[in-house]
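A.B. asks: Right, I'll just put the structure down here and ask away after.
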């Protein structure tokens, strides 16, 4: 539990302890389990349905699943990106500071000198590791169930070109990377929200709501000028990785955008966390 | 805690840095100087550009002011779907890529969120592929088509002559000027501006960005009269002047795709046979000209979707956009022009 670790020590030790706590929590594994259920459900439904989905039916690329099991991963990642994944990210990042404050363990973490900035960095790093692990779980479970049920074969890209199994493997891994990058900005927002309150649930809910609101704003044509500035703008840009020749512009644009959000909300979190009174 | 405000400095600095870098990126426009040229010289440059292998990304933005189109409607026939697809291609924003290889190899990709539409041309073969519904259309040019094309081009004009012809033809209706040099896809380009002399047309101005180095057209912008934002803009966002991988032009439809084979020239009934007069008439000159399709072309009552798009006006139903107007008269005549609806109603 969060309280039973040593405060202080080197940053690496602090990070290691943070990750240990993260990965020992039942909550983390429950969220991994829920995420892993999505590719399994998708694959089972397609496998047992009498008529395979036709072109353009159901979630994106579902019709390609029977051709190459690896597309289970891609479809599951696309399905989880708008809601399920941001929810889990909100839980981890929103709880980062507020959770410790709520439990009364925050002040023990801050006894080391210059502790606040370092704690913030470590907390963010923990959330970022989760943001990488969560899509990786979807990816790996998708690979496993997809190749078991549908086998591994040639894959058709959006451009109509056909690539071999190795290429398909690499592309789906890149899709997972894109999704992980997409969650970095949201993690920073969650961290900032987490410094505002001592009620972890409040910060989690605020972060999750923001993720949904940003996506709703992204649907409104009247706000087209705002769209490139929304952290959700490139969330579904992973499709560019399934074109031939592969287009990295979505991935790099996303990286720049998320870095901007990380810088801004990271700085806000720093401003808030280093100036607030920690009473609990 | 007297200096706590300094802890907020980073949070204030980040937006400033972002704003500064965005402004800097925008203001680097026109960094390269190009020699001054007259409109005629720019036209010559445009006409004389050599075959240039390239790969580039493009965006199209449209603000035509069309009513938003219904996405998927039950009970629409193929023709209506075709019209709606065409309207969607013009009216909505798109990004995509263009690849040009050897002399007659080209590939255009239009990106959809979860799909892609491809046109691939390789010699006398052409493919259209739509990943959305997994269909492909294969066009094979007739054997002698290429020869016919060559003979048609025999009276060759030099680029200078061509530019001269264009200017002479355009002059009565259009003023040609050169605007400030523009930056498109990181390249400096001449801005060739075509301004209609007529005040009846909806078109305010058309500007073509002509690459100062290669003469390639990089961007076309159409602005409606009285509007400041472009009604339609297509241009490169990045451009690479090296030959793309030749394999890109060798398209084999993936298994499971519905393939339709089409050989132009073997059409029966559809299209216009050579020698036959096109039924579409042309009224007026220059920018004010109106295309007329004869009575009975379109019966709105059998086209519920189109009926939904149009509004009832005197003498028929009309669609008006910032750039184009369409009038379907009560007897089924179709009138189209870059003029206000009133001008369409006034024809004859």
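The numbers here are math on the coordinates, done by the rules we state, and not lab data. Predicted model, so just to flag it, every value in this text is computed and none were measured. Using ideal geometry, Cβ is built from the backbone for each residue, glycine included, and neighbour counts are taken over all protein chains shown.
A.B. asks: When averaged across all projection directions, what area in nm² does the alpha-carbon convex hull of the protein assembly as shown cover?
C.D. replies: That works out to 34.5 nm².
A.B. asks: Please state the relative contact order of segment B:39-262 as a whole percent: Cα pairs under 8 Å, 6+ residues apart?
C.D. replies: Values: 427 pairs, mean separation 60.7, N = 224.
With pairs under 8 Å counted, the relative contact order is 27 percent.
A.B. asks: In segment A:96-230, what is the volume of the convex hull around the alpha carbon atoms, normalised per residue and reported in Å³?
C.D. replies: Here the figure is 166 Å³ per residue.
A.B. asks: Explain nothing, just the number: relative contact order of chain A, from Cα pairs under 8 Å at least 6 residues apart, as a whole percent. Mind dumping the intermediate values first?
C.D. replies: Numbers: 436 pairs, mean separation 68.5, N = 280.
Normalised by residue count, the contact order of chain A is 24 percent.
A.B. asks: List the extent of the Cα atoms of segment A:194-267 along each of their three principal axes, largest first, rounded to whole Å.
C.D. replies: Principal extents (largest minus smallest coordinate, Cα): 49, 27, 19 Å.
A.B. asks: Here's something else I'd like to know. Can you pull the one-decimal nm distance between simple spin-label points at residue B:195 and residue B:263, each 7 Å off the Cα toward Cβ?
C.D. replies: 5.3 nm
A.B. asks: Among B:242, B:23, which comes first, then next, by fewest other beta-carbon atoms within 10 Å?
C.D. replies: By the 10 Å Cβ count, ascending: B:242, B:23.
A.B. asks: While we're looking at this one, here's another question. Tell me, in nm to one decimal, what length is gained between residue B:34 and residue B:52 on full extension, where the rule is 0.36 nm per residue of separation less the Cα-Cα distance?
C.D. replies: Gain on extension, residue B:34 to residue B:52, equals 4.4 nm.
A.B. asks: Return the tail of the calculated pair distribution for segment B:281-345, meaning the percent of Cα-Cα pairs more than 16 Å apart. All intermediate terms of the calculation are to be shown ahead of the outcome.
C.D. replies: Numbers: 829 of 2080 pairs.
Of the Cα pairs, 40 percent sit more than 16 Å apart.
A.B. asks: On a 0 to 90° scale, report how tilted helix A:26-48 is relative to the longest principal axis of chain A, with both axes built from alpha carbons and the result rounded to the nearest 10.
C.D. replies: Tilt relative to chain A: about 10 degrees.
A.B. asks: Something else: Modelled label-to-label distance, residue A:121 and residue B:85, 7 Å Cα→beta-carbon offset: nm?
C.D. replies: For residue A:121 paired with residue B:85, the spin-label model returns 5.6 nm.
A.B. asks: How shielded is B:15-25 by partner chains, expressed as the average number of their Cβ atoms within 10 Å of its Cβ atoms? Don't jump to the answer; show the numbers that get you there.
C.D. replies: Numbers: counts 4, 0, 3, 4, 0, 0, 1, 0, 0, 0, 0.
If you average over the peptide's residues, the count of other-chain Cβ atoms is 1.
A.B. asks: Taking every DSSP beta bridge that has both residues in segment B:39-262, what percent is antiparallel when rounded to the nearest 5? Provide the component values of the computation, followed by the final result.
C.D. replies: Values: 67 of 72 bridges.
DSSP beta bridges in segment B:39-262 are roughly 95 percent antiparallel.
A.B. asks: Once you place label points 7 Å from the Cα toward the Cβ at residue B:311 and residue B:21, how far apart are they in nm?
C.D. replies: If labels sit at residue B:311 and residue B:21, their model points lie 4.5 nm apart.
A.B. asks: Percent of Cα-Cα pairs per 5 Å bin, from 0 to the last occupied bin, for segment A:2-275, please list those.
C.D. replies: Using 5 Å bins, I get a P(r) of 1, 6, 12, 16, 17, 15, 12, 9, 6, 4, 2, 1, 0 for segment A:2-275.
A.B. asks: Per DSSP H run of n ≥ 4, the term is -39500 (n - 2.57); total these for the protein assembly as shown, divide by its residue number, and report the mean residue ellipticity at 222 nm rounded to 500 deg cm²/dmol.
C.D. replies: Details: 17 runs with 255 residues, N = 628.
The per-residue figure over the protein assembly as shown is -13500 deg cm²/dmol.
A.B. asks: What FRET efficiency would be calculated for the residue pair residue A:21, residue A:41, taking the C-beta separation as r and a Förster radius of 22 Å, to the nearest 0.05?
C.D. replies: The formula returns an efficiency of 0.15 here.
A.B. asks: Please work out the FRET efficiency for the pair residue B:347 and residue A:212, using the Cβ-Cβ distance as r and a Förster radius of 56 Å; give the result to the nearest 0.05.
C.D. replies: 0.60
A.B. asks: Set the Förster radius R0 to 56 Å, insert the Cβ-Cβ distance between residue B:8 and residue A:50 as r into 1/(1 + (r/R0)^6), and round the FRET efficiency to 0.05.
C.D. replies: 0.35
A.B. asks: Okay, moving on. Gain in length, residue B:246 to residue B:213, computed as 0.36 nm per residue apart minus the alpha-carbon separation, to one decimal in nm?
C.D. replies: 9.4 nm
A.B. asks: Using alpha carbons only, how many angstrom separate the centre of segment A:115-129 from the centre of segment B:279-348?
C.D. replies: If we compute the Cα centre of each part, the gap is 64 Å.
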